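The structure appears below as structure tokens.
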């Protein structure tokens, strides 16, 4: 492994933070705090920092809850391998991206969910969010099924996602959210 | 009833459900990974608390800097529990505090207020 080409790629993509490895709540809290402090030190608008932090948190908790490679620990704690990145594109727009392995069976459900969110305008997304929150239709033992909507609320562009099929059981899921 | 106190952590708020002065408060950040597990004692406490007869006026102070989507659902359910108590005649006041700089906390408060129109729900700038 040569680090220099890796560094060049990070620079080319405008990557400010990157992490690949086991994602857990303490990792999320640690990186989240680092992101907040770093952006605060360059006097980025606190509302922008909050948006980046919120999207990052939803993505990391999605990886922990929905990855096919997640592992259960005591007291309903989960960890899962995943990748997360915070960067800025060449037009000066911040983005938050993440990736993990999903079950092929979940591909359609996730695609439909995100496509539906992307088809709505901001008002529609807000109504859908409130409707889901009220009905509790997306609720499971760790979440409310509101994560993608929460990201969309903070996004300035449609949620950009992709599945790459690895084999008959596994699919590589990636999502990129422009703030 | 005994007062319920939970200390803040990096990703969970400071909670005090005070049965002496009838002031309930949740203050800080809320993004646990197991939101429903984390708040289960709080919800259980509230259920028992509101089952009491002859409660004086109850105030809930919410001062939340940031919360994740599962906490959003949890807070909805918590307000729902309060609304039910309110409909049974309990006098309840909800104060939602936000920092002037924190647009999303202000918006979130307004969204909850819309959902609980029948309640005494105040959005207060700190």
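The values are calculated or read from the model by the stated rules, or taken from the named source; none is laboratory data. Here the structure is a predicted model, which means the values were calculated and not measured. Quick reminder, even Gly has a Cβ in these numbers, built from the backbone with ideal geometry, and neighbours come from all protein chains shown.
Tabulated values for the structure
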{"read-out": "Filter result (assigned to a loop (DSSP other than H, G, I, E, B) and within 14 Å of chain A (Cβ to nearest Cβ)) within the stretch B:32-54", "value": "B:32, B:33, B:34"}
{"read-out": "Top-ranked residue in the stretch B:65-104 [being in contact with a strand residue (DSSP E or B) (Cβ under 9 Å, 6 or more places away or on another chain) and in a loop (DSSP other than H, G, I, E, B); ranked as farthest from the other protein chains (Cβ to nearest Cβ)]", "value": "B:91"}
{"read-out": "Subset tally (residues that are more than 17 Å from residue A:152 (Cβ to Cβ) and either assigned to a loop (DSSP other than H, G, I, E, B) or within 9 Å of chain B (Cβ to nearest Cβ) (or both)) for the stretch A:40-57", "value": "5"}
{"read-out": "Number of positions in the stretch A:107-124 that are surrounded by 15 or more Cβ atoms within 10 Å (Cβ to Cβ) and under 14 Å from residue A:138 (Cβ atoms)", "value": "4"}
{"read-out": "Those residues of the stretch A:109-125 which are in a helix (DSSP H, G or I) and touching a helix residue (DSSP H, G or I) at 6+ places or on another chain (Cβ under 7 Å), in sequence order", "value": "A:113, A:114, A:117, A:125"}
{"read-out": "Only listed residue being part of a helix (DSSP H, G or I), at pLDDT below 95 and within 18 Å of the chain's Cα centre (by Cα), chosen from A:64, A:60", "value": "A:64"}
{"read-out": "Test: residue in the stretch B:14-28 that is surrounded by 21 or more Cβ atoms within 10 Å (Cβ to Cβ), closer than 30 Å to residue A:72 by Cα, modelled with pLDDT under 95 and touching a strand residue (DSSP E or B) at 6+ places or on another chain (Cβ under 8 Å)", "value": "no"}
{"read-out": "Subset of the stretch A:16-39 that is outside any helix (DSSP H, G or I) and either within 15 Å of the chain's Cα centre (by Cα) or under 26 Å from residue B:12 (Cβ atoms) (or both) - its residue that is nearest to the other protein chains (Cβ to nearest Cβ)", "value": "A:24"}
{"read-out": "Matching residues in the stretch A:73-99 - criterion: being away from chain B (no Cβ under 14 Å), within 30 Å of residue B:40 (Cβ to Cβ) and out of contact with any helix residue (DSSP H, G or I) (no Cβ under 8 Å at 6 or more places or on another chain)", "value": "A:81"}
{"read-out": "Selected residue [away from chain B (no Cβ under 12 Å) and touching a helix residue (DSSP H, G or I) at 6+ places or on another chain (Cβ under 8 Å)] from A:102, A:60", "value": "A:102"}
{"read-out": "Conditions (1) in contact (Cβ under 8 Å) with a residue 24 or more places away in the chain; (2) closer than 24 Å to residue B:21 by Cβ; number of the one not met by residue B:54", "value": "(1)"}
{"read-out": "Qualifying residue in the stretch A:110-122 (condition: closer than 17 Å to residue A:68 by Cα, under 17 Å from the mean Cα position of the chain (by Cα) and free of Cβ contacts under 8 Å to residues at least 60 places away in the same chain)", "value": "yes"}
{"read-out": "Residue satisfying all of: in the stretch B:1-28; part of a strand (DSSP E or B) and in contact with a helix residue (DSSP H, G or I) (Cβ under 9 Å, 6 or more places away or on another chain); nearest to the other protein chains (Cβ to nearest Cβ) among these", "value": "B:6"}
{"read-out": "Unmet criterion (only one of (1) surrounded by fewer than 19 Cβ atoms within 10 Å (Cβ to Cβ); (2) over 14 Å from the mean Cα position of the chain (by Cα); (3) at the interface with chain B (Cβ under 9 Å from one of its Cβ atoms)) for residue A:145", "value": "(2)"}
